[in-house]
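The values are calculated or read from the model by the stated rules, or taken from the named source; none is laboratory data. Nothing here was measured: the structure is a model prediction, and the numbers come from that model. Cβ placement follows ideal geometry from the backbone for every residue including glycine, while neighbour counts extend to all protein chains displayed. Side chains are part of the model used for accessible areas, which takes the heavy atoms of the whole protein and leaves out ligands, DNA and RNA. Shrake-Rupley method; radii C 1.70, N 1.55, O 1.52, S 1.80 Å.
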Amino acid sequence: MSPRKTTKGLRGAFLLLAAAVIAGAGISAQKRDTTPIRPSIPKADRHAPNRVFLERADELRKERYDSFQIVVGDVMFRQGDMFMYCDSAHFYEDPGAIQAFGNVRMEQGDTLFVFADRLDYSDTTELAILYADPGNKVRLINKDVTLTTDIFNYDLAIELGFYEVGGTLTDKDNRLTSWYGEYSPSTKDALFKDQVVLHSLREKDTLDIYTEEMLYNTGTRIAILDTTSTIISADGTIHTTNGVYNTDTHKADLYDRSLVVAKNGNTLTGDTLFYNQDTGFGEAFGNIELTDTTNKVILNGDYGLYFEYNDSARVTGRALAREYSQKDTLYLHADTIRTFKKITPEHFVDDTVKVEADTTHYLIAEPRVRFYRIDLQGICDSLTAVQRDSMLWMHNHPVVWNGERQIFGNVIQVHFKDSVADWAKLPEFGFMAEWIDENFYNQLTGKEMTAYFQDRDLRHLDVSGNVQAIMLPMENDSTYNKIANIESSFLAADFKDRTVERMKLWPETSGTMTPLYLAKKSLFFLPAFRWFEPLRPTSPEDVFNIPNEMLDLFNEPPFGGRSAPTRE
């Protein structure tokens, strides 16, 4: 064999071998599988605590030096009954943890859904932290409840979600905003802190609540307030530091001296209040105080009821009314004090005379009435004040004191002008007595007595029917030396500086003038004279002291025709 032929043969064999290698390589390249590897799902207990499972993904891959697996496409994880979905995720198997990205969704049953752009979860803490991209919000939806925030934390161990960067929770009736919030889908309880605002979403409902902390249940829609809170609506305002408010019924249970301000300006407070803003009805217990700003009256007591829409109230238990329209406050006590408004609609007397609609306020106090003002004190068993007529009626043995003067009768009627007594009338029987000195009293009585006042002082007096009088005229040296006993049918007297300036008696008058040193004791007192000074209230606190003698007086028959009491 020639060398050329041999070389040619080797070259051919080499070429043939190279071709075979190349062909083999081509065949290997064609058979290599580039299809993504689908994860193999272990058949473990899916309800195992503190463990997350990868249930589904289109692709799973892992770089040599990474501690996590990358799953992509239609990804689903499961932790207990909670399912988590995303476009892609980093999955750490030991310990179980997830970083999920894109169209993140958490689902539990058919009622709880959470949507986000990113999620971090760890089996160690069982805490899922969900994030929203700029311009988006994390959204939790639980039936008719929606919660939105920028960063949402959900504790799967206790099924509780919370935010710390500001958020909003909305149910079918209310929207609540705060900087911090917690929500439990299973119990429907929510806790809000820092700049909490509840706003009603119901049509025509004007409710807003402002507070720093609130417990709220989205099922009952009841708010529990235990810090300084303000509840506002068109029907009024409530201020409380301890209360329960039903946003559906607008009923409030209020404690620790909460304050209700009605839309008419009246206020109600007490140790415990139950108040309905829709009906304007309030019930108060313990040291209550109701202020009528229009009529300038404050009611106090141990128990009270308030009806806003007919502007009425009732107070019992150390009931006290304080009237402050004048410089000096009037303090009035009775077992029960009631105020109410009576509306008379427009009506026609006949075809031509029309009576306009009228609204009148009443105050009724009974029984065992006692009142005190610096310049005026009194007692009776029943008292009625009518705003429209500016009238006051005192019934059943009323007694009134002014300075050293005392007036009593069976009925006393007082008319007010600009909240000051203008005139007073005793229509059935009247007796006026003025203490002079020691056991000396000026006295005047008759079947009917009318007194007229000016600047709170007596200016004129009219007496008719069986007029009897005892007068001790003052001498020029300011002493008393004689006593006058007078009887007539009618008397008219003018007063100045609290003394008689002139007096007229008619048609027939009889009388005597007796020096004091010759006067018998019977000349010093009229038959009906009584001096009730021990029953007189002496201070605002004294109106609560009920002497037994006052109760005995109220049980007596009407005044008039009585004999003078025996004196030693």
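Just the protein heavy atoms count here, and of the accessible area of the range 363-509 at 1.4 Å, carbon and sulfur take up 47 percent. Ordering 92-101, 282-291 by mean Cβ neighbour count within 10 Å, with the highest value first, yields 282-291, 92-101. Close Lys pairs in the range 123-215 (alpha-carbon distance under 16 Å; sequence gap of 8 or more, or different chains): 4. All other residues whose Cβ lies under 15 angstrom from that of Ile483 are scored, Lys and Arg at +1 and Asp and Glu at -1, for a net of -2.
Of the heavy-atom accessible surface of the range 200-313 (probe 1.4 angstrom), what whole percent is carbon and sulfur?
Carbon-and-sulfur percentage of accessible area, whole number: 54.
With contributions of -39500 (n - 2.57) from each DSSP H run of at least four residues, the per-residue ellipticity at 222 nm computed over the chain stands at -2000 deg cm²/dmol.
Per residue, how much accessible area does the chain have with a 1.4 Å probe, in Å²? Kindly include the intermediate steps, with their values, before the conclusion.
Numbers: 29670 Å² over 568 residues.
Averaged over the residues of the chain, the accessible area is 52 Å².
Could you point to the label whose value was computed as Cα extents along the principal axes in Å for the structure here, given (1) 191, 62, 39; (2) 74, 72, 52; (3) 67, 56, 50? Checked against the structure: label (1). If you sort the three axes of the alpha carbon gyration tensor as a ≥ b ≥ c, you get a/c of 1.5 or more for the range 434-519 and a/b no higher than b/c, which makes it oblate.
Each peptide in 416-422, 524-530 was scored by the mean count of other Cβ atoms within 10 Å over its residues; highest first, the order is 524-530, 416-422. Here the accessible area is traced with a 1.4 Å probe on the protein chains. For the range 75-159, carbon and sulfur cover 47 percent of it.
Annotation for the range 192-232: GluC sites (Glu not before Pro) lying in DSSP loop with at most 11 further Cβ atoms inside 10 Å of their Cβ are Glu203.
Ranked by the mean number of other Cβ atoms within 10 Å of their residues, highest first, the peptides 514-520, 139-145 come out as 139-145, 514-520.
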